[in-house]
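To start, the structure itself, in structure tokens.
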Amino acid sequence: MTIRKATRADIDAMHRVRLAVRENVLSSATRISAIDYVEAIEVTGNGWVAECDGFVVAFAVGNAVDGNIWALFVEPSYEGRGFGRTLHDEMVAWLRLQGLQQLWLTTDPGSRAADFYTAAGWREVGKTACGELRFELDVV
């Protein structure tokens, strides 16, 4: 496993992973554009990819402006191998170094992602207007 910073050259692979997931599925493949990825990894935050044999199998993006975890997705055939947790820890450490004190994210109720974040120390703090669970993590 290789973890490295995401670049513009990774956007197609990141989007491929995003479209492959079985939970938190996008309503449309065009809902997130290449411009959205560029802004997320170059303007408001940073991104990381996990590679296996030179192939991007997972990615994470954290927003250094507001502490939002914009993305953490693993290709389904690579789930359960530690890619997600490794990316999570790298991203949280970087966001902490940016001076953030609290991070937040939303995910579907009853999802494996909700269990993952709970196990990683995040606390559920409520639901959004659209019914997603909101989680927060203090990083001070």
- Pop out the ³J(HN,Hα) list for the range 55-70 in order, Karplus 6.51 cos²θ - 1.76 cosθ + 1.60 with θ = phi - 60°, rounded to Hz; leave Gly and Pro as x. 10, 5, 10, 6, 8, 9, 9, x, 9, 7, 7, 10, x, 7, 7, 6
- Given the options Y117, Y78, Y37, state which has the largest fluctuation in a GNM of the chain using a 10 Å cut-off (strictly under) for Cα springs. Y78
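Mind checking the full-extension length gain between D53 and K127? Use 0.36 nm per residue of separation minus the Cα-Cα distance, one decimal, nm. Could the numbers behind the result be given before it?
On the way: separation 74, 0.36 × 74 = 26.64 nm, distance 3.89 nm.
Difference between extended and current length: 22.8 nm.
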- Message: Taking just the alpha-carbon atoms of the chain, what radius of gyration and Dmax come out, in angstrom?
- Response: 14.0, 41
- Given labels modelled 7 Å from the Cα in the Cβ direction, how far is it in nm from W104 to V140? 1.7
- Ranked on Cβ counts within 10 Å of their own Cβ, fewest leading, C52, C130 go C130, C52
- Answer with one residue from A93, P76, F116: the one whose Cα lies farthest towards the positive end of the charge dipole of the range 63-119, charges on Cβ with Lys, Arg +1 and Asp, Glu -1. A93
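With the contact rule set at Cα under 8 Å and sequence spacing of 6 or more, what percent relative contact order holds for the range 40-126?
On the way: 110 pairs, mean separation 19.0, N = 87.
Averaging sequence separation for qualifying contacts and normalising by length gives 22 percent for the range 40-126.
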- Query: Rounded to the nearest 500, what is the chain's calculated 222 nm mean residue ellipticity when only DSSP H runs of at least 4 contribute -39500 (n - 2.57) each, over all residues?
  - Reply: -8000 deg cm²/dmol
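Quick check on the range 76-140: what are the equivalent-ellipsoid semi-axes from the Cα gyration tensor, as sqrt(5λ), descending, whole Å? Before the final figure, lay out the partial values.
On the way: eigenvalues 74, 67, 14 Å².
Over the Cα atoms of the range 76-140, the ellipsoid semi-axes are 19, 18, 8 Å.
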- Go through the range 123-128 residue by residue and turn each phi into a ³J(HN,Hα) via Karplus (6.51, -1.76, 1.60, θ = phi - 60°); whole Hz please, and just put x for glycine and proline. 10, 6, 10, x, 10, 7
- Test item: Cα-centred dipole of the chain, Lys/Arg +1 and Asp/Glu -1 on Cβ, debye: 60
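Just want the ordering: V140, V38, V43, V92, from fewest to most Cβ atoms lying within 10 Å of their own Cβ. Mind showing how you got there, number by number?
On the way: V140 7, V38 14, V43 10, V92 20.
Fewest to most other Cβ atoms nearby, the residues stand as V140, V43, V38, V92.
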- Sites A120 and S77 - FRET efficiency at Förster radius 35 Å, r taken between beta-carbons, to 0.05: 0.95
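How do T44, T106, T128 line up, fewest other C-beta atoms within 10 Å first? All intermediate terms of the calculation are to be shown ahead of the outcome.
Numbers: T44 15, T106 18, T128 9.
Final ranking by Cβ density, sparse to dense: T128, T44, T106.
Taken together, the values in this text are just the output of simple stated rules run on the coordinates, not laboratory data. Bear in mind that the values here come from a model prediction, so they are computed numbers and not experimental data. We place every Cβ from the backbone using ideal geometry, glycine too, and count neighbours over all the protein chains shown.
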